[in-house]
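Notes follow once the structure below has been shown.
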Amino acid sequence: MPRYAMALDLERCTGCHACSVACKVENQVPLGNFRTKVYYYDEGRFPQTRRLFLPVVCMQCADAPCLRACPNKAISRGNDLIVRIDQNACRGNGACEDACPYGAIYVDPQRNLADKCDFCSHRLEAGMEPACVETCPGGTIIFGDLNDPKSPISQFQATHRRELTVLKPEEKADPQVQYRGLTRELERKVPKGRNHDPRSYEIETWATLEASFDRPEGGSHE
Amino acid sequence: MSKQLQALEVNRRGALKVGIGALASLAVGETILLHPGEAAAQPARPPRRPNVRGTPKVPHNYKRARKITSVCLNCSTVCGIVGYVDNGKLIKIGGNPEDPNNGKMLCAKGQAGVVISTYPERLLYPLKRVGRRGQGTWRRITWEEAYADIAKRVRACIDAGHPEHVAIHIGRSRLADIMGRFLNAIGSPVLLNHRALCSLNKRAANYATIGDVDWESVDAERCKYLLNFGSNFYEAHQGAIHFLKRVIKGRYDNGCKLVTFDVRLSNTAGRSDEWHAPFPGTEGAVALALANTIVADGNFDRDFMTTWTNTTVDALSAFLKPYTPEWAEKLSGISAGDIRRIARAFIRERPRCAAFTNRGSHAHYNGFNNDRAVILLNALAGSINQPGGYCYAESAEIPDHLFPMPAPVPAAPKIRTDLEDPPEWPLANRWQKMRVGQIVYAYLKQKRARLQVYFTYTLASPTTWPEGRSLAVEVLRDEKLIPFHVCSDVVYSETAHYADLILPDATYLERWGLDARNNYELRTYATLRQPLVPPPAECVNFADVLIQVGKRLGPEVSRYFDFRNYEDFVRLRCRQLPKGDSADGFAYMKRHGVYHNTSEPRSYDLFKRPLTKAQLDGSRTDPQTGIISKRNARGVEEAIGITMNAQALRGFKTPSRKFEVHSQTVAQAAARVKIDDDGWPHYVPIPAHQNLPEDRFILTTFKWNVHTQGRTAPQKYLTEIVHDNPMWINAATARRLGIRTGDTVEVTTYRPRGRTFDPTGQRIGSARIRAFVTEGIHPRVFAVSNSLGHLFGGRSAAARRGPRAEGPGFDPKILSEDADLTTNLWWSQADGGKGAGFNVNAILPIQPAPITGMQAWFDTVCSIRKV
Ligand code: SF4
Ligand code: SF4
Ligand code: SF4
């Protein structure tokens, strides 16, 4: 049984959104909902301005708040270390979305099922990489089997072990996805208790650290 | 009466169907009204339904899916792709691991393209205009009627002795082989394009200086110092991710530094080791000052400069003398200290360093010389075609010797017209036919050229052209100026709206074609685009339209179209290709998607390669210059190399066979249009920017990493990321003007001055735009992105949530409805979303740069007022 893990080497990220779009096509994710999302943050004063990116996936928490919250016991963590939702047991009540500290779960409005990143399990079964890993032009997303010392993730961990960190350690969810080169304040852009806010894509949010945004007047959407 | 009301009027009389939704059931002879408002009433998003059993999703089945190679066309980068097709449905696109440029990697656009072939708003049948042009009423006709109608009108032009009254006007088509053949066969030279709106100056600068290619392949993986003048390759460079992935390796695996000059904090600038924001159009001044420092310091590749350039160190040093860092600081705002420091850091790494450009540097009045000055830095570094340097392969095009045109090949016509070869810009067509596309509508209006039949293909001139919604639309509407307009398109676009005949096109996922660009592995290569799925309903690749029309134009034209279809034509072009592991060359291309000769050495030192015996056979050498020349296949004497130290070498493909710092070609072209130019890459001040009053600013535009001009907005996953484009204003400037993010401002633009089109400096137009205040832009510059502000193109593009506007008989068997568009589309303005953004091109003036004709996109002077 492989033990899958992922790390994101942020200096290589180009903010290109390919991971996020590849994921939406791969997993038929409805507009307005996200398994994977890329945040932007502009810091500094002109002309000393820099842009930072933060791609976010499901952290495959070892002590997953979503798993604990589900009244239907639809969420489990496999021996391959992937946290999965059982579509047949899920009843769409969204307790998992409310519990997740990383905005990683949404309830599909048409299917009435919770959904989240499962490292593209169906692709792994077919001997392929997760969709985001395959397409990433920066080689930002490092993935593989921890049991295999030659896998990209094992090698990356061996080289960079001391530089790796996780998002929001204070949530004590024991995330299995790690980051290299994380600027702490960007964590604040990642919402807690709701799926990623689509409006946090908008350009006006690039210089703020907020996680969600009010819908302007006139909305009849929700 | 509004269009909708009109439609209802006619509908009561039973003659008219309304909306894209009705297309599927439109019978031949029936009429339909198409309009931009492609969404009806808006149901609310369904609320959460706890404790209700859901509808499981079936994951993609990759064990069952068929893999087909092809090539992306969601931008100009030419990435090899693999399509996964399951049960006749395209489920996913990935990169083609065999492609030398991108391998398995694709950008967001490449990933998102999957949705375009099933976009519910697609055109499905040929439509003929009824009523006024631009009214939006259409009758479905058969392809036979369409072909016959087109053929009759083209034939009439030929018979009248005016084949040049037939024009094809394209955006990025990648069908040049068949379009060229069609026009040559009928005798028209009028193949219009968009190169002058895109990359003309950059290409011209490479041609004038190096001669071999128009597009360099910087060897970034092995480079130590990259000096980037206005390329945003993290997001939108031509060849973007091919270059990007190598830069990332160079930077993070090899310690390469990246320094970017850009007026705006693009993703590239925002991730560079240093970002400098020069005043727009002063990139050339900075480059010359860098060169000045390097030459004054005396640390440069003296050997390359002496042997391989067409100037002496003394002459160069005299030319550079006035261009000091202090002089450049006054113009650009970049400090002399920084310029000296960067010059020295750059040259310290020679030859593993490269200076390169794109639109930020060249889309200016003076952009041609800006780019020539930047390329010069590579000569000083001796990095031309060296590992880690400024490299190029033998060709950046489909190699004709491997993919020859099927015989008989029609000869190019000898006539010229002002439309495709305007004499005011003598360098536009000097090296390749780059044209000056942005003056086409003006010249038609001025009657400097006449047209009878105007084909448009992948051309979004109303939205992507300067003065698009004003001049382009005015001329497109005018039946006298454009008597017959045939538009091939995928969706009911703004261009299609002003057509007489709409031909439903196959998307890039459904058609054939050969493609190539610069190969960063520096070898010969080409790719094959093949259908991943068949086009739906009656959609037909425009290449096949031309073949079908060609077959109907009588024997002297039809003999050039003696193949079944475009697939057949492409197969014939592959007939000489080595068959490798497949039955023949075509089968090889279909299996691998790419031809890449990995046994060929990389093209390092290409100019130093000795000429072969066969090449030298029958040649002669000019005793004065050492230039070796020979008659080519057409019997014309042509330079093929140069003698250096008694060796016959290939050299550069310039008139001197050397790297041309100074260019006689440029001096002569300038003289022809009475412009004073001594052929050196001088800094040319932009006339409209001189003595700019405090209350005037420069309006610039830019691209996003998720959009390509007008054509990606129908792709929902891209438009979900970017659908809105407020105007960037520097924070300090905004404070001074009392503007905050979200305020509406009125921006007014002015025409250019100097040697360009309509150089009056007069007001051109005003637009109201929302402001976005940021630390990421030069204080004197405002920026509005292109690619947005669509009124047409369906619900995703126009930001309208709701059911597809329905007529009777919506047929889900052809293109089924999409819950994302009916229900989930969250940026719909009616729901309080941001909407579809602004189209800024409407108020940008046509401004071709002198001598070359490149649109000076980033020079527009403007003023601003808070409203
Ligand atoms: S990140 Fe959220 S969805 Fe993923 S395992 Fe942790 S709690 Fe569950
Ligand atoms: S695909 Fe890679 S480079 Fe692009 S945004 Fe995602 S992590 Fe960053
Ligand atoms: S860079 Fe261009 S060609 Fe390559 S995947 Fe993206 S859109 Fe397609």
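Laboratory data are not the source of any read-out in this text; all were calculated from the coordinates shown. Everything numeric here is computed off the predicted structure, so don't read it as measured data. Note: ideal-geometry Cβ built from the backbone for every residue, glycine included; neighbour counts use all protein chains shown.
Quick one: in the range A:4-196, what % of C-alpha pairs are over 26 Å apart? Here the tail beyond 26 Å accounts for 28 percent of pairs.
Rounded to the nearest 5, the antiparallel percentage of DSSP beta bridges internal to the protein assembly as shown is 65%.
Computed on the Cα trace of the range B:247-348, the radius of gyration divided by the Kirkwood hydrodynamic radius gives Rg/Rh = 1.01.
Among beta bridges from DSSP that stay inside chain B, the antiparallel ones total about 60%.
Helix B:542-551 and the long axis of chain B differ in direction by around 80°, with both axes built from C-alpha atoms.
Would you mind checking B:Lys245/B:Lys703; A:Lys172/B:Lys57; B:Lys109/B:Lys579 for any pair whose Cα atoms are more than 21 angstrom apart? The pairs that break the limit, which is 21 Å between Cα atoms, are A:Lys172/B:Lys57; B:Lys109/B:Lys579. Measuring nothing but how far apart in sequence close Cα pairs (under 8 Å, 6+ apart) lie, relative to its length, chain A scores a relative contact order of 28 percent.
To the nearest whole percent, what portion of all C-alpha pairs in the range B:210-380 is separated by more than 27 angstrom? Roughly 19 percent, rounded to a whole number.
When the Cα atoms of the protein assembly as shown are aligned to their principal axes, the ranges along those axes come out at 91, 75, 67 Å in descending order.
Using alpha carbons only, the radius of gyration of the range B:334-433 set against its Kirkwood radius gives Rg/Rh = 1.12.
Net charge dipole, the protein assembly as shown: roughly 760 debye, given to the nearest 20, about the Cα centre with Cβ charges of +1 for Lys and Arg and -1 for Asp and Glu. Amide H neighbours of B:Leu649 under 5 Å, at least 5 residues apart or on other chains, H built in the peptide plane: list them. The list, which skips near neighbours in sequence, is B:Leu611, B:Ile642, B:Thr643, B:Met644. Each part gets one Cα centre, and for the range A:63-101 versus the range B:530-595 those centres are 52 Å apart. Farthest towards the positive end of the charge dipole of the range B:689-866, among the residues B:Ala856, B:Gly835, B:Tyr717, is the Cα of B:Ala856, using unit charges on the Cβ of Lys, Arg, Asp and Glu. The aspartates and glutamates whose alpha-carbon is closer than 14 Å to the alpha-carbon of B:Lys414, local same-chain residues fewer than 8 away aside, are B:Glu164.
Evaluated with a Cβ-only charge set (Lys, Arg +1; Asp, Glu -1), chain B carries a dipole of roughly 1400 debye about its Cα centre, given to the nearest 20.
Inter-chain neighbour count for A:137-148: the average number of beta-carbon atoms from partner chains within 10 Å of each residue's beta-carbon is 3. The distance linking the range B:323-368 with the range B:600-618 is 34 Å (Cα centroid to Cα centroid, whole angstrom). Tell me the trypsin sites (Lys or Arg not before Pro) within the range B:652-755 that lie in a loop according to DSSP and have at most 10 other beta-carbon atoms within 10 Å. Here the trypsin sites (Lys or Arg not before Pro) that fit, given the DSSP loop and packing criteria, are B:Lys674. How about the range B:390-458: which GluC sites (Glu not before Pro) there are in a DSSP loop, with at most 14 other Cβ atoms within 10 Å of their Cβ? Qualifying residues, ordered by number: none. Placing +1 on the Cβ of every Lys and Arg and -1 on the Cβ of every Asp and Glu, with no other charges, gives the range B:85-204 a dipole of roughly 440 debye about its Cα centre. Here the range B:453-588 has an Rg and Dmax of 18.2, 56 Å, counting Cα atoms alone. Considering only B:His242, B:Tyr392, B:Ile334, and ranking their Cα positions along the charge dipole of chain B that arises from unit charges at the beta-carbon of Lys, Arg, Asp and Glu, the one farthest toward the positive end is B:His242. Summarising the amide proton neighbourhood of B:His237: residues at separation of 5 or more, or on other chains, whose placed amide H is nearer than 5 Å comprise B:Asn232. P(r) tail, the range B:634-719: Cα-Cα pairs separated by more than 20 Å, 69% of all pairs. Just need log10 I(q)/I(0) for the range B:610-649 at q = 0.15, 0.23, 0.24, 0.34 Å⁻¹, Debye formula, equal scatterers on the alpha-carbon atoms, no solvent, rounded to two decimals. Once normalised to I(0) and log-transformed, intensities are -0.30, -0.68, -0.73, -1.24.
Amide H to amide H, with H built 1.01 Å from N, B:Ile729 comes under 5 Å of B:Phe772, B:Val773, B:Thr774, counting only residues 5 or more places away or on other chains. To the nearest ten degrees, helix B:283-297 and the longest principal axis of the Cα atoms of chain B are 20 degrees apart. Take chain A and mark each of the trypsin sites (Lys or Arg not before Pro) that is in a DSSP loop with at most 11 other Cβ atoms within 10 Å; the longest unmarked stretch, sites excluded, is A:74-149. Convert 10 °C to kelvin, take the viscosity as 1.306 mPa s, use the Kirkwood radius over C-alpha pairs of the range B:552-686 as Rh, and evaluate the Stokes-Einstein diffusion coefficient in µm²/s, rounded to a whole number. Estimated via Stokes-Einstein, D reaches 81 µm²/s.
Cα convex hull, the range B:160-243: 135 Å³ per residue, rounded to a whole number.
Convex hull volume per residue, computed on the Cα atoms of chain B, equals 177 Å³. Helix B:336-348 and the longest principal axis of the C-alpha atoms of chain B enclose an angle of approximately 80°. Selection among B:Ala670, B:Ala379, B:Gly95 by position relative to the dipole of chain B gives B:Gly95 as farthest towards the positive end (Cβ unit charges, Cα centre). If you take the Cα centroid of the range B:271-296 and the Cα centroid of the range B:690-741, the two points sit 24 Å apart. Pairwise inverse Cα distances across the range B:192-282, averaged and inverted, put the Kirkwood hydrodynamic radius at 14.0 Å. Here the peptides B:449-460, B:288-299, B:624-635, B:563-574 are ranked by packing, the mean other Cβ count within 10 Å, and the order with the highest first is B:449-460, B:288-299, B:563-574, B:624-635. Relative to its residue count, the range B:429-509 spans a Cα convex hull of 108 Å³ per residue.
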